[in-house]
Amino acid sequence: MNDFSYTQAASAKEATGIIKEKPQAAYIAGGTTLLDMMKANLLEPPQLVDLNQLPFKGIEQTSDGLRIGAIERMSTVGEHPLVVQQFPAVSQALLLAASPQLRNMASIGGNILQRTRCGYFRDAAFPCNKRVPGSGCPAIAGDHHNLAILGVSDSCIATAYPGDLSVALAAFDAVLTLENQKGKQRRVPITEFYLLPGKTPQRENVLESGELIVAVTIPGAAHARRSTYLKVRERSSYAYALASAAVGLDVQNGTIRTARVALGGVGAQPWRSREAEKVLTGAPATEATFLAAAAAALQGAQPLEHNRFKVELAQNTLVRALQQVA
Amino acid sequence: MKPNDKQIGSSLNRVDGRLKVTGAAKYSAEYELPNLTYGVLVGSTIAKGRITSLDTKAAQNAPGVLAVISHLNSPKVPGFQPTGKEPSQPQTGGEPLKVFFDDKIRFNDQPIALVVADTLQRARHAARLVQAQYARETHQTNMVAGAKDAFLPSSAKKNPKSPMADYQRGQPDAYQTAALKIEQEYVIPTEHHHPMEMQSITAHWEAPDRLTLYDKTQGTIGTRRDFAKEWNLPEDHVKVIATYVGGAFGNALHSWPHESAAIIGAKVTGRPVKLMLTREQMFTMVGYRPYTWQKIGMSATADGRITAITHESIGQTSSYQEFTESTLQQTRMMYQSPNLTTRYRLAALDVSTPIWMRGPGEATGSFALESAMDEMAHLLKLDPMEFRLRNYTEQDPEKNRPWSTKFLRECYAKGAELVGWNKRQLQPGTLREGDWLLGYGMGVGTFGANRGAAHVSARLQPDGTVLLQCATTDIGPGTGTAMTQIAADTLGLPPERIRFELGQSGFPQAGSQGGSSTVNTVGQAVQDACLALKDRLRELAAPGTPAFATAKKEDVALTDGHLTLPGNAARVPFATLLQQPDAALVNVESKANGADKDKFSMYSFSVHFAEVAVHALTGEVRVRKLVSCADAGTIINLKTAANQMKGGAVGGIGMALMEHAVIDDRYGRYVTKDFADYHVPVQADAPAVEVFFVNQPDYHVNQLGTKGIGEIATIGVAPAIANAVFNATGKRVRELPITPDKLV
Ligand SMILES: Cc1cc2nc3c(=O)[nH]c(=O)nc-3n(C[C@H](O)[C@H](O)[C@H](O)COP(=O)(O)OP(=O)(O)OC[C@H]3O[C@@H](n4cnc5c(N)ncnc54)[C@H](O)[C@@H]3O)c2cc1C
Ligand code: SF4
């Protein structure tokens, strides 16, 4: 770990101002991603800007949907009655993540910005295109059993976002409110927030330098109220997903009126599957429909030797999740 | 509590439980010495080659840094230097790594420099500034490739009777020509011990030739011997203190390079150095369970009598040191088989040296043997328990002599009843609850009931308590508690009046805590010391009170501050006996198991039964029930013994379902280096483990009748789970761990 200074920002302006002057400085919220990276000497910010005093708080009903402040803790949001009632999948995604201790520390903004668990990325002794652009991707011919099969490129096959929350947010059309160094706010749907690796895996999202995540807003909907998040992992708890599915269905008289599907653990980014939704919408809520939707969702999969199992696992996970909400 | 309540067989709470849960127990990294400094190790980033340059300038100039030590400037450690008396051939079996001795790299993350600074943070900061350049050489870390050059261990070459040597009874490889046979390969990946407490040491040169080590070790005497030799010091100039050890599982049975490094650091700076490995370094700088390939061929008659077994094994070791373990031992003695062949080989790779990990080789071997038993039973359409009973050994077929005791049959019966074995279906994949497929499996374990030599001292104190001391360690099983119980019963005192001190090399000698032998060994010495103390007190009382002169030591009692003789009015106050300093102190040596050792084969036995559920769609495995039954002789403490069984069983769940270190052979470097990637079981993975003890004494092992628990708690668990997964799904997984990717 390097030497660094620490500042508690009292306002968004102060926070962004520091990064403007010192682009290498970093924001810290719960610190559960950032400090791990610093301890491994992967990030060496000269200054940490603590966001915890910013007014990015509250979980409240707005005309656009449920608005959640970026600094709220995973545990608070996961257990909040409004979240539980309106977005069961979001609540479950939060509460199935990490451990109680981590959830008590970790913020929503930090969760959205968590980094990949690719073992090569997390050890500076290895090359890695995401960490050192142009150095190569050892995972492609190496250990990639829990890396992505959708949206990958020749440069990087990581699940850049390995977590759960953004998968549920992607399914239910959540919108991020961002604020830049000029104090200007913009709204970006989470499905447009993350970038595919392409030739630039080091660029993971559309945030400008110093831009803050202020809040996330999730529009209410019938399919969101009837939703679930199913997570398959190598142990019963406290593990990242091998595959996960956030699904919501609005079923009336056995027919699916609207559907939302996103997959985790398999995509280079949280994987919203409009292909699967197309198959589901208007179709009978039957196993045959679910199987067809699952096949559609994995259509473009590009598995490698050690993550080939994910093609079937993700489909089965999706089918099982759809059965649960149907 | 009345003094005559029996303590042995009770569930006495841990005597140090309160100290541990309140944080008062001091572990090796918690000693605050004056002038303390902090050491952080820098590891190599290649697996094989030479260091061509090492830039330590930035580190040296960083704030608070006292020294940066490497092969370039390390003081000459006497034990590392050639003596001129070396045999012309290199030493068989190799030798441990000599840290900072030369520029050679033998494994990835090998310590190449030590930074010592005045705070941990500054040491850590400076460590990242050290830059190394290497001349790489081609390394080999791949087992499949390494196995092509597998070799017989030197110990077996030297001694054809060594347990590592090839073994044969009847016809070699006789299974090959049989009609009913199986032949399968089994693989165990590299696994890491990862005790809660990471390896740590505080090294302090109290004088230029006096060294004190607060060290995480399973053996204070072994550690003292190692470092006395390394620094060419008389053994009594080295003091090793390991009062509390936060788990070890075999990991602290050897001395490791970081310990040598801390001692060097303290030498260079003239100040005590505290060094604790990081969790990442626990993957690389200490030992691990070796990757092991095994092959079993087995044949049987149609009515389920085994006619032949061939069991071969190749275990991973380092390029500089041979590590061997008893992977094949149980195959030679567990089942009746007239023809039996075992072959044990090693593959030397450019990795660090492995070390025994709980259940050691036997746990690895049992995965193959007990899986093969299940495969054979399936082929024969026999219940696997019935198949095992048909091949039950009433005496040791390897040594052709009786067992000291064996109550495995009783374990089978009880375990089957507790797990509900009658629900098991012969046809795999038949039991189902919704999307969950259910299955039952069993696996047997065994481990030698060994008893070595140990010394224990016992002293009657003026306050009427008895102080016992022994250099043994307690890495978690509750040794201090068990010893207190044994002493209490032998002396007829309540446990509160006993104080058992351990974990210091200055105490009377005992071997390391490992191989399930501590209670067998130290327990006997405690009993002997307590009897000797009674005898000493009797002698001291005899001149004034003649009744004691003719009394037997067993009859003497310690009652309310007096030495008494039941049924006799004779009473001597302790104060009278304690007039001479050290009068009431005895120091006793109990010898290793003697004549009985050659007449009987002595083993602990266990059987584990698992009920698992496997999700039909996602391949997730849940262990719903685990029953562990043990024939471990007398149980000294039912509660801590059950703890041992449960902990061992959970370790077995890890082995079966998740533990798996991934090395990228192109770099010869582990990719899994934290707990997010290297999974161990969490609470949700562990069902309530039901434990049953036969609790029958084995007086051939010692006078207490104990046989040992620690290892058999793990041995056999992984195959029980793997067999249950087969029973649930019809899928046989022969390469651990059984992760969902292998079942979807
Ligand atoms: C062992 C372990 C297991 C885990 N398991 C899971 C899991 O199963 N599922 C899951 O979803 N997650 C899991 N996580 C990840 C965890 O959820 C994230 O670490 C956490 O959510 C990050 O939040 P934080 O507030 O601690 O972020 P920090 O570490 O404080 O910040 C993370 C990054 O986001 C930036 N940042 C933070 N807030 C803002 C903001 N408002 N605006 C702009 N930038 C910001 C920081 O600069 C930093 O780069 C796990 C983590 C660990 C360590
Ligand atoms: S998959 Fe991506 S993160 Fe992993 S090594 Fe390749 S480039 Fe780096």
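Do you know the relative contact order of segment A:1-54, to the nearest whole percent, from alpha carbon pairs under 8 angstrom that are 6+ apart? If you can, show how the numbers build up before the last one.
On the way: 79 pairs, mean separation 31.6, N = 54.
Value for segment A:1-54: 58 percent.
Anisotropy class assigned to chain B is oblate, per the alpha carbon gyration tensor with a/c at or over the 1.5 cut-off and a/b no larger than b/c.
Where both partners of a DSSP beta bridge lie in chain B, what percent of those bridges are antiparallel, to the nearest 5?
Details: 102 of 132 bridges.
Antiparallel bridges make up about 75 percent of those DSSP assigns within chain B.
A simple rule links phi to the HN-Hα coupling: the Karplus curve 6.51 cos²θ - 1.76 cosθ + 1.60 with θ = phi - 60°, which for segment B:439-447 gives x, 10, x, 9, x, 9, x, 8, 7 Hz, with x for Gly and Pro. Checking the cross-link filter: which aspartates and glutamates have an alpha carbon closer than 18 Å to that of residue B:597, excluding same-chain neighbours under 8 positions apart? Counting by Cα, and skipping residues close in sequence, residue B:597 has these aspartates and glutamates nearby: B:394, B:396, B:398, B:698.
Rounded to the nearest 0.05, what FRET efficiency do residue B:303 and residue B:425 give with R0 = 22 Å and r taken as the Cβ-Cβ distance? Could you check? It comes out at approximately 0.55. For the protein assembly as shown, the Stokes-Einstein estimate of translational diffusion at 25 °C and a viscosity of 0.890 mPa s comes to 78 µm²/s, using the Kirkwood hydrodynamic radius over alpha-carbon pairs. Per q in 0.19, 0.21, 0.24 1/Å, what log10 I(q)/I(0) does a Debye calculation on the alpha-carbon atoms of segment B:1-113 return? Cα-only, vacuum Debye calculation for segment B:1-113: -1.14, -1.25, -1.38.
Approximating the spin labels as points 7 Å out from Cα along Cα→Cβ, the residue B:695-to-residue B:119 distance works out to 5.5 nm.
When chain B is described by a simple charge dipole with +1 on each Lys and Arg Cβ and -1 on each Asp and Glu Cβ, the residue from B:351, B:321, B:371 located farthest towards its positive end is B:321.
Straight-distance candidates among the lysines for linking to residue A:310, with alpha-carbon spacing under 19 Å and chain neighbours fewer than 8 residues away dropped: A:231, B:731, B:742. Unpaired cysteine residues in chain B (no second Cys Cβ under 4.7 Å): B:470, B:530. Residues whose amide H falls under 5 Å from that of residue B:210, counting only those 5 or more places apart or on a different chain, are absent, with hydrogens built in the peptide plane.
For segment B:130-279, what is the relative contact order in percent, using Cα pairs closer than 8 Å and at least 6 residues apart in sequence?
On the way: 157 pairs, mean separation 33.7, N = 150.
That works out to 22 percent.
Sorting B:527-533, B:152-158 by average packing, meaning the other beta carbons within 10 Å per residue, from highest down gives B:527-533, B:152-158. Working note: 222 nm ellipticity from helices only, DSSP H runs with n ≥ 4, each -39,500 (n - 2.57), summed and divided by the residues of chain A, gives -7500 deg cm²/dmol to the nearest 500.
Over chain B, calculate the relative contact order: mean separation of alpha carbon pairs under 8 Å at least 6 apart, over the residue count, as a percent.
Details: 1925 pairs, mean separation 123.8, N = 744.
RCO, chain B: 17 percent.
Partners of residue B:98 within straight-line reach, counting lysines whose Cα lies under 23 Å from its Cα and excluding those fewer than 8 residues away in the same chain: B:48, B:76, B:85, B:216, B:229, B:239, B:267, B:274. Amide H to amide H, with H built 1.01 Å from N, residue A:50 comes under 5 Å of A:7, A:8, A:9, A:28, counting only residues 5 or more places away or on other chains. Of the trypsin sites (Lys or Arg not before Pro) found in segment B:550-599, those in coil by DSSP whose Cβ has at most 14 other Cβ atoms within 10 Å are B:552, B:591. Going 7 Å from the Cα of residue B:467 toward and past its Cβ, which residues in segment B:503-539 have a backbone nitrogen under 17 Å from where you end up? Zone members listed by number: B:503-509, B:530, B:533.
Mind giving me the FRET efficiency for residue B:592 and residue B:57? R0 is 45 Å, r the Cβ-Cβ distance, nearest 0.05 is fine.
0.25
Over all other residues within a Cβ to Cβ distance under 13 Å of residue A:175, the charged ones net out to 0, with Lys and Arg as +1 and Asp and Glu as -1.
Would you work out if segment B:635-744 is rounded, prolate or oblate? Take a ≥ b ≥ c from the square roots of the eigenvalues of the alpha-carbon gyration tensor; rounded if a/c is under 1.5, else prolate when a/b is larger than b/c, oblate otherwise. Cα axes put segment B:635-744 in the prolate bin. Provide the FRET efficiency to the nearest 0.05 for the residue B:732-residue B:571 pair, computing r from the beta carbons and using R0 = 56 Å. About 0.20, to the nearest 0.05.
Rounded to the nearest Hz, the phi-derived 3J(HN,Hα) couplings of segment A:264-269 under the Karplus curve 6.51 cos²θ - 1.76 cosθ + 1.60 (θ = phi - 60°) are x, x, 10, x, 5, 9, where x marks glycine and proline. Note that segment A:1-54 presents 48 Å² accessible area per residue, ligands and nucleic acids not counted, probe 1.4 Å.
Charges only on Cβ, +1 for Lys and Arg, -1 for Asp and Glu: so what's the dipole of chain A about the Cα centre, in debye to the nearest 20? Walk me through the intermediate numbers first.
Working: 32 positive and 27 negative charges, 51 e Å.
It works out to roughly 240 debye.
With θ taken as phi - 60° and the Karplus curve 6.51 cos²θ - 1.76 cosθ + 1.60 applied, the whole-hertz 3J(HN,Hα) list for segment B:94-99 is x, 8, x, 5, 9, 6 Hz, x standing for glycine and proline.
Each listed q (0.13, 0.17 Å⁻¹) maps to a log10 I(q)/I(0) for segment A:97-204, found by the Debye formula over equal Cα scatterers with no solvent: -0.56, -0.91.
The Cα trace of segment A:222-325 gives Rg and Dmax of 13.1, 43 Å, the first to one decimal, the second as a whole number. Between the residues B:176, B:110, B:163, the greatest Cα displacement towards the positive end of the dipole of chain B, with unit charges on the Cβ of Lys, Arg, Asp and Glu, is found for B:163.
Is the shape of segment B:465-524 rounded, prolate or oblate, going by the alpha carbon gyration tensor and its root eigenvalues a ≥ b ≥ c, with a/c under 1.5 for rounded and a/b larger than b/c for prolate? Here segment B:465-524 falls in the prolate category. In the protein assembly as shown, what % of DSSP beta bridges are antiparallel (nearest 5)? Roughly 80 percent of the DSSP beta bridges within the protein assembly as shown come out antiparallel. Just the number, please: percent antiparallel of the DSSP beta bridges in segment A:1-115, rounded to the nearest 5. Looking only at bridges with both residues in segment A:1-115, the antiparallel portion is about 40 percent. Legend: residue pairs B:625/B:646; A:39/A:130; A:22/B:57, Cα-Cα distance threshold 21 Å; pairs beyond threshold, A:22/B:57.
Each helix, a run of at least 4 DSSP H residues, gives -39500 (n - 2.57); summed and divided by the residues of chain B, these come to -6500 deg cm²/dmol at 222 nm.
Count Lys and Arg as plus one, Asp and Glu as minus one, and take only other residues whose Cβ is under 14 Å from that of residue B:386; the net charge is then +3. The equivalent ellipsoid that matches the C-alpha gyration tensor of segment B:475-608 spans semi-axes of 32, 17, 14 angstrom, in descending order. Structural size metrics of chain A, computed from C-alpha coordinates, are Rg and Dmax of 19.3, 63 Å. Take the Cα of residue B:18, step 7 Å toward its Cβ, do the same at residue B:555, and the gap between the two points is 3.9 nm.
The values are calculated or read from the model by the stated rules, or taken from the named source; none is laboratory data. Fair warning: this is a prediction, and the values are worked out from it, not measured in the lab. Glycine also receives a Cβ, built like all others from the backbone with ideal geometry; neighbour counts cover every protein chain displayed. The area values use the complete protein model at the heavy-atom level, side chains included, leaving out ligands, DNA and RNA. Shrake-Rupley method; radii C 1.70, N 1.55, O 1.52, S 1.80 Å.
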